[in-house]
Amino acid sequence: MAIPDYQSVMLPLLKLAESRNEEISTGEAVEALASQLNLKDEDIKQMLPSGIQPTFVNRVGWAATYMKKAGLLEPTRRGYYRITRRGQDLLKQNLQTIDVKILKQYPEFQQFQSLKGTRGSEKKNDSNINIDLDGATPSEALEKAYENLRDTLAEELLEKNKKSLTFIF
């Protein structure tokens, strides 16, 4: 199974937090969700392109962050959180999924999202740069943008070098 995007992790994470009925750490959540989602060892070990963090850990972390901003989870201490009454009420609606569209119903999340650079799933078009950020965590979006800019710069430099070589010969 492919690693689910951070929005696909939200509902299982919230259900896990409810089932624990006490605080849960991101590490415990990663382990439990990886098992629940039948992820293979190679999926769990897959790193972000930067090599800084495993992709699945990053996605669980961002799912938790977004749900904290919406008031569905509350931090109890660093790296730990628990479900809130709001989170329990949302689960009672028996939704098939929880995503950014659902979180936008909460004013706290809207305020968080209005901050520069936290809009999540959007497309950025800047001349030759076209980055599809749907389902990407902010970390993944930054890495993708960096890779895209680097590739564009390399293409431009290559093209300039080709033109200057043409004038020499």
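Here, each number is a calculation from the coordinates, and none is a lab measurement. Model, not experiment: these values are computed from the prediction. Heads up, the Cβs are rebuilt from the backbone with ideal geometry, glycines too, and the neighbour counts pull from every protein chain shown.
Which pairs break 20 Å Cα to Cα here: K68/K101; K68/K92; K15/K69; K45/K101; K40/K68; K15/K92?
K45/K101; K40/K68
Among E23, E28, what is the fewest-to-most ranking by other Cβ atoms within 10 Å?
If I rank by nearby Cβ atoms, fewest first, I get E28, E23.
Net charge within 12 Å of Y80 by Cβ-Cβ distance, Lys/Arg positive one each and Asp/Glu negative one each, not counting Y80 itself?
With Lys, Arg at +1 and Asp, Glu at -1, the net is +1.
Out of all Cα-Cα pairs in the range 6-114, roughly what percent, to the nearest whole number, are more than 23 Å apart?
Roughly 25 percent, rounded to a whole number.
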